[in-house]
Amino acid sequence: MGKNDGDLALKIGSKFYGRGELEKALVYYNQALDTFEEVGDLQKEADTLLEIGDIYIELNDTKMSRKFYKKSQKIYIKNKDIIGEGYALTGMGVTYQNDKEYEESREYYKKALKKFQKAKDNERTPILTSLIADTYESQDAVEDALIKYEKSLKLFGEIKDTKRENEIIEIMDNLKQKKLKSRLSRNQLIILIGYLVLIIIAELITSYVNPEAGILVHGFILFSLLIQSSTTKSYNFSNILMAMMALPMIRIVGLTMPLLQVPVLYWFPVISIPLFAAAIIIIRVQGTSRISLGLTWGNIPVQLLIAFTGVILGFIEYQVLHPKPLIPYFSIETVLIAGIILLISTGLAEELLFRGIIQRNAENLFGGAFGLLYASLLFTSLHIGWQSLTDLAFVFSVAMLYGYCYQKTRSIFGITLSHGLSNTFLFLIMPFITEYSIFGITLIHR
C-alpha cells in the first residue's frame, strides 16, 4: 500500500464521519493510519490520530480518545508542529472536561492556549480562553468564569467574530443573573462563621491570655482547614478553606520566629515571607491567573485616586493608635527605604492574600456582598493584637473600602499603594508631626 491508498482511505473515512457514521469512519481512518505509519508520513499520521481522537470523543469514549490525542501530540512535538500540538492538547482538555475533571481539563486548555499564542493563532486563542472559562462555570466559580469570558470577548472582538461575541455576551449575562440569585448554603455558612469565630478566639487568647496557647488554637485551626479543604467535594468551598489556611500559618510562624534581635521595622518583611510563600502555594494549587488575582494596572487615574486615600487613612489611624516610629529619625532617605519595605511586606502581601485570593474565593462561593463582608471580617480579626476596639472598627471600614474598590476595578494596584502609604504615614511620618497650622504642617524631629 502506498501514500495514495492512505489518502483515499482518509477521504472515505471523512465522508462517513461527515454523515455521522462513526464506526464506519473508524475503519477507514485506521486503514489510513496503518498506511501512513508504513510509508513514514509522520504529519499525516499525527493528523489521522487527531481525527480518530475526535471520533472517540463523539462516541463518548474518553479513554480511547485520550490515547490517540497523546499519540498525535508526541508526533507533533517531534515534527515541531506547534499548531498540531495545540489541537492535541485541546482534545485532551475536552476528554477531561467530559469526565468532569475540570482542574485537569483546565491545565490542558492552558497548555494549548500557550501553543496557539506562540503560533500567533488569533482565531484559536479566544476559543481556548472561553473553554477555560467554561470549566470555571462548570464548577460554579462565577467570578473566575466572568473574568475569562471577558477576556475571550475582547479577543473575539479583535478578530471581528460577531457571532461568537454575541454568544459570549449571552453567557456572561446569564452568569451575572446567576450570581445575583445565588443563595448561601446553610452548612457552608455555619462552617465559615465557625472558622471566623475560632480565628477571633485564637487572636484574643494570643493577645490577652498567652501567646503559646494562641499558637495551639491556631495549630488546631490550620489542621482542621487542611483536612476539610482536602476532603470536601465542592470546588469553591475547598478553595476558600485552602485560602484561609494562610492565616493561622502566618500567625504561627510569626509568633515562633526569634524576632527579639531584629529591629521592629524588619519584623514586617520577615513575617511577610511565609505570607508570600503561602500565597504562591495557594495560587499554584488553584491555578489562579494574574488577572484573577487583580495583578493588573487597571485604570491608572482611578488607581492613583484610590492610592491617595492611604494618606488620609494613615493620618486617621494614627489618631487612634499613636504608635512609636519605626525609624530612629526623620529623613527623606529613611522614610523612602522604610516605606518601600512596608509597601511590599504589608501592602502587596496582605492585599494579594485578602483581596486577590480570599475575597475572590469567597465571592465565587457566596457572591459579591458576602465575599466582601467575610474577607473584611477575617482581615479585621488579625488586628486584634492592637487591643483597640476603635481601631478594629476603623480597620473593618478600611477593609470594606479596599474590598469594594477591588470588586469594582478588579485590580489590587491602587489598594496596595493605599495600604503601603497608610502604614508609611502611620509608622514613619505621623509620629514626627507634633504641630499643626491652618495652612501647613510643621515637622519636628523627636
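Highlighted here are the helices (runs of 4 or more DSSP H) found entirely within the range 12-112 that include at least 1 residues which are touching a Lys or Arg at 6+ places or on another chain (Cβ under 6 Å): 22-39, 42-58, 82-98. Within the range 209-237, being at pLDDT 95 or above and of a type in the set (Phe, Trp, Tyr) holds for PHE220, PHE223.
Just checking, does the range 303-310 include any residue being in a loop (DSSP other than H, G, I, E, B) and over 21 Å from PHE396 (Cα atoms)? The answer is no; no qualifying residue exists.
For the structure I just gave you, tell me whether ILE332 is surrounded by fewer than 16 Cβ atoms within 10 Å (Cβ to Cβ), among the hydrophobic types (A, V, I, L, M, F, W, C) and free of Cβ contacts under 8 Å to residues at least 40 places away in the same chain. For ILE332, the condition - surrounded by fewer than 16 Cβ atoms within 10 Å (Cβ to Cβ), among the hydrophobic types (A, V, I, L, M, F, W, C) and free of Cβ contacts under 8 Å to residues at least 40 places away in the same chain - is met. Just one residue in the set LYS71, LYS78, LYS111 is in contact with a helix residue (DSSP H, G or I) (Cβ under 6 Å, 6 or more places away or on another chain), of a type in the set (Lys, Arg) and over 27 Å from GLN286 (Cα atoms); that residue is LYS71.
Conditions (1) farther than 27 Å from LYS111 by Cα; (2) touching a strand residue (DSSP E or B) at 6+ places or on another chain (Cβ under 6 Å); (3) in contact (Cβ under 8 Å) with a residue 40 or more places away in the chain; (4) surrounded by 16 or more Cβ atoms within 10 Å (Cβ to Cβ), marked per residue:
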{"position": "ASP7", "(1), (2), (3), (4)": "yes, no, no, no"}
{"position": "TYR17", "(1), (2), (3), (4)": "yes, no, no, yes"}
{"position": "ASN30", "(1), (2), (3), (4)": "yes, no, no, no"}
{"position": "GLU45", "(1), (2), (3), (4)": "no, no, no, yes"}
{"position": "LEU50", "(1), (2), (3), (4)": "no, no, yes, yes"}
{"position": "ILE55", "(1), (2), (3), (4)": "no, no, no, yes"}
{"position": "SER65", "(1), (2), (3), (4)": "no, no, no, yes"}
{"position": "LYS71", "(1), (2), (3), (4)": "no, no, no, yes"}
{"position": "LYS74", "(1), (2), (3), (4)": "no, no, no, no"}
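For the range 355-376, filtered to residues that are modelled with pLDDT of 90 or more, of a type outside the set (Lys, Arg) and touching a Phe, Trp or Tyr at 6+ places or on another chain (Cβ under 7 Å), the residue that is nearest to PRO248 (Cα to Cα) is ALA375. Only one of the numbered conditions (1) in contact with a Pro (Cβ under 8 Å, 6 or more places away or on another chain); (2) under 16 Å from ASN239 (Cβ atoms) is violated by VAL142, and that is (1). Condition check: without any contact (Cβ under 8 Å) to a residue 24 or more places away in the chain and either assigned to a helix (DSSP H, G or I) or on the phi > 0 side of the Ramachandran plot (or both). Does ALA369 satisfy that? In short, yes. Could we say that THR231 is among the β-branched types (Val, Ile, Thr) and surrounded by fewer than 16 Cβ atoms within 10 Å (Cβ to Cβ) here? Criteria met by THR231. Taking the range 50-109 as the search range and keeping residues that are within 26 Å of the chain's Cα centre (by Cα) and of a type in the set (Asp, Glu), which one is modelled with the lowest pLDDT? Restricting to residues being within 26 Å of the chain's Cα centre (by Cα) and of a type in the set (Asp, Glu), the top hit is GLU103. Within the range 393-409, the residues that satisfy the criterion of being surrounded by fewer than 20 Cβ atoms within 10 Å (Cβ to Cβ) and either within 16 Å of TYR374 (Cβ to Cβ) or modelled with pLDDT under 95 (or both) are PHE396, SER397, MET400, LEU401, TYR404, GLN407, LYS408, THR409. Being modelled with pLDDT of 85 or more and either out of contact with any helix residue (DSSP H, G or I) (no Cβ under 7 Å at 6 or more places or on another chain) or closer than 22 Å to GLU103 by Cα (or both) narrows it down to one residue among PHE276, PHE308; which is it? Answer to the check: PHE308. Scanning the range 92-125 for residues that are acidic (Asp, Glu) and closer than 15 Å to GLU137 by Cβ gives a single hit, GLU103.
The values are calculated or read from the model by the stated rules, or taken from the named source; none is laboratory data. Please read all numbers here as calculations on a predicted model, not as lab measurements. With ideal geometry, Cβ positions are generated from the backbone for all residues, glycine too; neighbour counts draw on all protein chains shown.
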